[in-house]
Structures are given as structure tokens and as C-alpha cells.
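Computed from the coordinates by the stated procedures, all read-outs in this text should not be read as laboratory data. Quick caveat: nothing in here was measured; it's all calculated off a predicted structure. Counting neighbours? That spans all protein chains shown, and the Cβs are built from the backbone with ideal geometry, glycine included.
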């Protein structure tokens with residue numbers, strides 16, 4: 001059956017190639033866009049996991065995209081709660097363009113930088129001073145930038161000196177002294193967009209979480225940060241899903257039109273098959289098999305294009321992460337097969353119903 005389907009498709013090689021490419025574009029769009037979102041979210045979540053605190057605390061109106069700063073009193077209130085060992089205020093609402101991409105600036109207290117890697121993570125230079133116009137960048141950004149110790153970085157019409165480089169994998173790629181950010185961005189008010197809380201003993205995490213939530217704040221375990229970003233990215237996810245669905249719809253219509261045209265062209269051949277004893281079910285399966293062959297080719301080409309684009313992005317924009325996890329690959333395969341089946345149903349049904357007497361006289 002598959003052999004006969006392939007031989008039939010080879011009669012119109014260009015049309016078959018165009019159909020395979022149409023399916024491939026749909027698969028590629030689904031994989032690359034979704035893989036880019038998953039990779040970006042996963043990378044941020046993994047880096048957040050490197051923080052040595054236990055809980056991340058945010059204002060009620062905060063989201064990944066729109067960061068609200070908490071009033072100065074919240075850090076002090078959380079610090080007074082039972083079983084809270086340390087509270088580190090962080091400002092991460094600003095971005096600076098480096099290496100061709102916006103990089104989030106993490107303003108953290110110099111004395112608490114050990115919670116974010118500390119001196120042990122230094123590969124070059126030194127850590128910043130408490131209230132200095134100095135920044136620290138990670139080694140990946142320094143390599144891609146390219147940036148080195150002593151370089152100047154401009155932000156908000158201010159100039160900062162890179163004084164240190166830390167190994168990649170820490171929570172941020174750009175670090176600034178918290179007191180500098182407070183002085184320049186918040187007129188001296190000790191605000192924060194996030195609090196990192198370290199609990200004195202593991203068994204107290206639940207009680208501390210409840211106590212902080214009673215203050216009207218959002219508490220997230222650092223291991224659950226991926227879920228938070230994914231939730232805040234629903235609009236982006238919806239856009240990617242819509243784009244992918246439109247592309248897959250075009251692929252489906254291409255399959256439908258291709259199979260309909262094939263049935264029209266092979267009307268006489270269908271009549272010959274039926275006159276030789278082929279059943280309606282046999283004809284139906286033959287048309288569906290041709291559609292599945294096209295979709296299988298589209299999946300192979302689409303996967304090849306997707307992994308090729310991933311390699312190109314890695315070479316051109318190293319700071320972007322594209323991830324193709326097994327679930328996403330399985331979804332792409334399922335969508336491709338389902339599209340092939342749906343696109344072939346009507347043409348296959350029509351071919352199966354053809355009268356062999358009439359078709360033998362078809363020109």
C-alpha cells in the first residue's frame with residue numbers, strides 16, 4: 001500500500017515537493033516558536049534556581065513583564081517574622097541593551113551578593129562596592145558582548161564600569177549595587193521588586209509562606225518559578241499558538257487540495273483498481289496513505305529545518321535558547337499525522353464512492 005502510494009506521488013514530483021514543504025513550514029513554525037518560548041522560560045527559571053534563598057516574594061500586582069515595586073516597609077516586616085533568617089531586597093525592573101538583546105539588571109545589596117553566587121563565582125575582577133557606579137556581568141554575556149573588566153556601560157544617561165565577571169548560571173547576567181539603584185531610580189527610597197527570603201530551617205517554609213501571604217504579598221518557591229513565568233506569558237503563548245494554528249491550517253488546506261487534485265487525476269486508475277476487485281476500503285486507504293506519506297515527508301523536512309534554525313540562532317544570537325523537549329516533538333508529530341488524516345478524509349471518501357463503470361470512461 002505504501003509502495004503504491006509513493007509511486008503515485010512520484011507522478012507529480014513538483015506538486016508533491018510543494019505539499020511536503022507546506023507541511024514542513026507548519027511543523028517548523030510550531031517547533032521554533034514554541035521551542036523559543038520554552039527555552040527562554042526554562043533558562044530564566046534555571047538561573048533563578050541558583051539563588052541560595054528559599055522563597056521569592058512579590059507585590060500583588062507584580063508579573064514577569066510588569067514589575068511593581070514594594071513599599072520600603074515590607075522588607076523590614078518580613079525580616080521580623082519567625083524563622084526568617086535573611087531578607088534580601090532586589091530591584092530587577094530595569095533592562096540594558098547588551099549583546100544585541102535587552103538584559104535584566106539585578107540590583108542586589110553588595111553585602112548579600114553571596115546569595116547570588118558571591119566571590120566564589122568570580123572568574124575575573126572583583127565584586128562591586130556597596131554604592132558605586134559599578135556592575136558585574138556573567139561570563140556568557142562577557143563572551144558574546146564582547147565585554148571585559150574596565151569597559152563602560154551606559155544606562156539612563158549614567159555610565160557604569162564593569163569591575164567583575166562571574167560564571168554563567170547565576171540568576172542574572174548584569175548585577176548592580178542595590179544602594180546605587182535606590183539612589184538613582186527611587187530617590188533614596190529602599191524599594192524592591194522582589195524579596196529573596198532564606199528560612200532558618202526547612203520545616204518552617206510553609207509557616208513562613210503563610211505569614212508573608214498574610215501581609216498581602218505573593219510568595220513563590222524558587223523551584224516553582226517556571227510556572228510563574230509560564231502563567232505570566234499566557235498572551236505570548238496564545239499569540240504563538242494562534243500563529244502556529246494558522247500555519248498548520250494552511251498546511252491542512254494544501255493537503256486537502258493536493259489529495260483532491262490527485263483523486264481527480266487518478267479517477268480512471270481508481271476505476272481500473274475497482275474493476276480488478278479493489279474494495280471501497282482499499283481505495284480509501286490508498287488515498288489516506290498518499291496523504292500520510294506527504295505528511296511524513298513534511299515532518300522529516302520540518303524537523304530538519306527546525307534543528308537547522310536552532311543551530312543558526314545559537315551561532316548568531318547565543319543568548320537565545322531554543323528547546324525541543326520530547327513533549328513538543330510528540331505534539332508536532334501528532335499534529336502532522338492528524339493534519340494528514342483530516343486533509344485526506346473527504347478526497348478518500350469521494351474516491352471510494354466512485355462508480356467503476358463511469359470511471360473507466362473518464363477522460
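Ordering 156, 285 by the number of other Cβ atoms within 10 Å of each residue's own Cβ, fewest first, gives 156, 285.
Model label sites at residue 189 and residue 114, defined 7 Å from Cα along the beta-carbon direction, differ in position by 3.2 nm.
With a Cα-only, solvent-free Debye model of segment 123-192, what are the log10 I(q)/I(0) values at q = 0.15, 0.16, 0.17, 0.27 Å⁻¹? Scattering profile of segment 123-192, log10 relative to I(0): -0.47, -0.53, -0.59, -1.22.
Across segment 60-216, the mean sequence separation of Cα contacts (distance under 8 Å, 6 or more residues apart), normalised by length, yields a relative contact order of 32 percent.
Label-to-label distance, residue 210 versus residue 60, with points set 7 angstrom from Cα along the beta-carbon direction: 2.1 nm. How far is helix 13-48 tilted off the main Cα axis of the chain, in degrees rounded to 10, range 0 to 90? The angle comes out at about 20 degrees. As a length-normalised measure over Cα pairs under 8 Å and 6 or more apart, the relative contact order of the chain settles at 30 percent. When the Cα gyration tensor is reduced to axis lengths a ≥ b ≥ c, the ratio a/c is 1.5 or higher for segment 60-216, and with a/b above b/c it is classed as prolate. In summary, the convex hull built on the alpha carbon positions of the chain has an orientation-averaged projected area of 23.3 nm².
The residue 317 and residue 122 beta-carbon pair, evaluated with R₀ = 25 Å, returns a calculated FRET efficiency of approximately 0.40.
What the Cβ-Cβ distance of residue 43 and residue 86 gives, at R0 = 41 Å and to the nearest 0.05, is a FRET efficiency of 0.95.
Please report the antiparallel percentage of the DSSP beta bridges confined to the chain, to the nearest 5.
On the way: 29 of 38 bridges.
Bridges in the chain are about 75 percent antiparallel.
By other beta-carbon atoms within 10 Å, ranking 185, 281, 349 with the fewest at the front produces 281, 349, 185. Note on the chain: helix-only mean residue ellipticity at 222 nm, from DSSP H runs of 4+ residues weighted -39500 (n - 2.57) and normalised by residue number, equals -17500 deg cm²/dmol.
For the chain, the longest principal axis of the C-alpha atoms and the axis of helix 326-352 are separated by about 20°. Quick one: go through segment 300-314 and flag any residue whose amide nitrogen is under 18 Å from the point 7 Å out along the Cα-to-Cβ line of residue 140. Within reach of a label on residue 140: 310-314. The residues 174, 246, when put in order of fewest to most other Cβ atoms within 10 Å, stand as 246, 174.
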